[in-house]
Every structure is written in structure tokens, then in C-alpha cells.
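These notes are about the structure you will find just below.
The values are calculated or read from the model by the stated rules, or taken from the named source; none is laboratory data. This structure is a prediction, so every number in the text was calculated from the model and none was measured. Don't worry about glycine lacking a Cβ; one is built from the backbone with ideal geometry, like all the others, and counts go over all protein chains shown.
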Amino acid sequence: MAKNSARDIEVKAFATHQVITQPNPLRKVLRRVEEKDMDDPVGRAEQALAGLSGEFKDWMTTEINRLSAAYVAIRNEGFTKDRRDELFLAAHDIKGDAATFGFPAAAGIAESLCRVIEHAPDLERVPAELFTHHINAILAIVHDNTRLDSLTVSAELNRRLRKVADEYLAHVNRDRPEHLEAILAPSIVPAE
Amino acid sequence: MFRIDFNKLRFLICDDNPHMRRILRTLLHSFGAREVYEAEDGATALEMYSHYVPDIVITDWAMPIFDGLELAQMIRQPESKGNPYAPIIMLTGHSEKRRVTVARDAGVTEFLAKPISAKGLYQRILNVVASPRPFIKTKAYFGPDRRRNTNSAYMGPERRVGEKHEVLQQPSLLDKARSSI
């Protein structure tokens, strides 16, 4: 259904570009309805998501085990591109998933860890404590969720780790303006 | 008001994380979608894209080997036999502005930063279904029009040549600052 035939596609050519227009191939899935006949797909989806929430803690445990294993491999055998990528992807998944799974502070700390991995000029020279503090904090938040993540202590932990990581990154990137700019740029995700 | 008949739409989701795929599938099914295909890497997604001809692609960015950005670039091949026009929604943990720009320049239609929400996903799908943008082809780009707002007063260096206004070269603020020293 998604594709129009070639004869439906109109091409206007200009000096440096072409503008290509076509009838909306998805127009048939749109139906005009009265307000009273509108259902609530978003509400239905939120309910369905809530129905999955019983599994979130197990999913989060899987994610942190992966992160932990990725760092143990690096601690034992050093950084390689593959090990670096695995650590980054594990942290990056937690950054993206943890808030959905009910661990927003863990997401924030994972974001800070991602920034260290992405912007440190030489990962071998990053103080090991910077990695271990981030990873241990995420593990603690997930393991002790009921006591920790609901309290301001996890938010404070997140704030302090981010501050330490940012100070380190600003220092080691002082001669790398493109990284400094990325480090200092605000996130596009609105604050909680 | 408009309602989307999700049961007529075919989705392809691509994410290496099985939990995120499960969440996406759950959300799409509860919106009413029946046909949801899943791939765990970009290469598989590209094969499925050719085979199933989805109406909408939802892809993660960071994946091993062949990522979502490369997937978008592969789909947006104007001479390909497949459909280069399908809407691509990039759902990603990357949340820096420069990443949005890179995704946009790869031909991504909509960008949705994680954490995912039902409302955010629905809104992006509504955008691509109800308000498709024309495609632009230049020497270096093929994809949906990157300019969402038409500003006829804009006369800056990035105005396209040959439409209502020609390019008016203006010195950058940095150049202006340098010349005033």
C-alpha cells in the first residue's frame, strides 16, 4: 500500500535540487470521525505498557548484568574496539530503557557513563573509579529500587556523578572544541 | 478529527534490544496495528524492508555492525527498486541536538528520543501519516524536506537556489566578528 506508481510522482526541477511530490500513499488509513466517536489509542497503549510493568525489574536486571559483564571484560583484558562498543551499547540501552522500566536515576547515570565513553580522548587513561562509581551506582539503584530510587538520594547520586564526569570531560577535552561543544550542549530531552 | 486505521498499516521495527522490541510491539498492537515485523539489526531490517514493503519503519540508532543511520541511508536510495519514500521514525537513546541533525541529513522523517512514551510514538506516526512532506533530491541528499517551516523572509546562505529567492551570501557572525577586530 505504501508505494505510489511512478506516474503519480511529480518532480519539479530547480537549479540545485528537485522537489518530489506524490499523493499521500497513507491517506487511506486516515478517517475523519466525530469527536464523540474518537477512541483513545494512547490511553489503551499506556494501559498495555502498564501490563508489562511486572517484567520490568527482570528486564532491568538483564541490562545491568550485561553492563557489569562488559566492564569486567575491560578490567580484566583492557580496552579494544569491540569491548568499548559493548560497554557503550550496554550503557546506552540503559540510558534509553531505564526510565521506561521505572529507574529514571539509573538512566541519568548511564547517560553520564555514555558521555565519558564517547568523549574521553583515551579510555585507558580514564580513572577506573569514574567507571566503577557509575556502574556501582546503577547496580545499587536497580538492586535496592524500593528503598533507593524513590528517594532523593538516587537523584543526588546522579547529579554528583554527572558533575564529576562533566568536570573530567571538560578538562581532558580543553583542546578539543568539537567535543567540548557536544559536552556542554543541552540535551533535547526535557528535564523531568 | 482524524483516526488512524492502524490495522491497515504495516510496520517494521528494528532494535537490537529485545525488551525495546517487545515494548514497541505492545504499543503498536494496542494502537490497533496487526502487521508488525521485527528485526534485530540493520542488515536483517533491510532484507525485511524489501520483502514486506512496510508502510512505516521504526528504527533504533545504535546497533552493532549495521546501525539505524546506515539503514536509513540504504532505504533512501532514489534509484533503488524498492520504495525509497517510506517514513522512517528514529527511536533512540541519543539525545543531543547534533544527533538529530545527523539523523535528519540521513533522510530520517521523525526523531523520537527515549524514554519512549505511547503519546510520543502516536504523535510521530500521526505526523507521518497525516502530514507527509515532499521529498528533496540534491547532489548530496535524498529524503523528506528538511525544512518544516516555510519562511519566505529567510535570505540566508542556505536558501535553495531557483525557487522564489536566490542565494544571498551573507558573512557568518564569526566572519563579521573577525572583520570588526
Which of the residues that make up segment B:71-99 are closer than 29 Å to A:H179 by Cα, more than 10 Å from chain A (Cβ to nearest Cβ) and surrounded by fewer than 18 Cβ atoms within 10 Å (Cβ to Cβ)? B:Q73
Among the numbered conditions (1) within 10 Å of chain B (Cβ to nearest Cβ); (2) closer than 21 Å to A:L169 by Cα; (3) of a type in the set (A, V, I, L, M), tell me where A:L49 comes up short. (2)
Residues satisfying the stated conditions in segment B:14-32, i.e. buried (at least 19 other Cβ atoms within 10 Å of the Cβ) and of a type in the set (G, A, S): B:S30
Those residues of segment A:12-28 that are touching a residue at least 12 places away in the same chain (Cβ under 8 Å) and among the aliphatic types (A, V, I, L, M) come to a total of 1
Members of segment B:4-39 found to be part of a strand (DSSP E or B) and either facing chain A (nearest Cβ under 10 Å) or of a type in the set (V, I, T) (or both), listed by number: B:I4, B:R10, B:I13, B:V36
Taking the condition more than 24 Å from B:Y52 (Cβ to Cβ), loosely packed, with under 11 Cβ neighbours inside 10 Å and small (G, A, S), does A:G54 pass? yes
If we scan segment B:43-54, do we find a residue that is away from chain A (no Cβ under 11 Å), touching a residue at least 24 places away in the same chain (Cβ under 8 Å) and either in contact with a helix residue (DSSP H, G or I) (Cβ under 8 Å, 6 or more places away or on another chain) or at positive phi (or both)? yes
Do you know which residues across segment B:55-67 are within 12 Å of another protein chain (Cβ to nearest Cβ) and free of Cβ contacts under 8 Å to residues at least 60 places away in the same chain? B:D55, B:V57, B:D60, B:W61, B:A62, B:M63, B:P64, B:I65, B:D67
Only one of (1) within 9 Å of chain A (Cβ to nearest Cβ); (2) assigned to a loop (DSSP other than H, G, I, E, B); (3) over 23 Å from A:G43 (Cα atoms) fails for B:P115. Which number is that? (3)
With the structure loaded, tell me whether A:A99 is free of Cβ contacts under 8 Å to residues at least 12 places away in the same chain and out of contact with any strand residue (DSSP E or B) (no Cβ under 7 Å at 6 or more places or on another chain) or whether it fails that test. yes
Of the residues in segment A:84-103, how many are crowded, with 18+ Cβ neighbours inside 10 Å and farther than 21 Å from A:H179 by Cα? 11
Within segment A:57-73, take every residue that is farther than 16 Å from B:A62 by Cα and surrounded by 19 or more Cβ atoms within 10 Å (Cβ to Cβ) and give me the one that is nearest to the other protein chains (Cβ to nearest Cβ). A:W59
Of all residues being part of a strand (DSSP E or B) and aliphatic (A, V, I, L, M) in segment B:40-97, which is farthest from A:A185 (Cα to Cα)? Just the residue, please. B:I56
When A:L113 is run through (1) surrounded by fewer than 18 Cβ atoms within 10 Å (Cβ to Cβ); (2) at pLDDT 95 or above, the failure sits at (1)
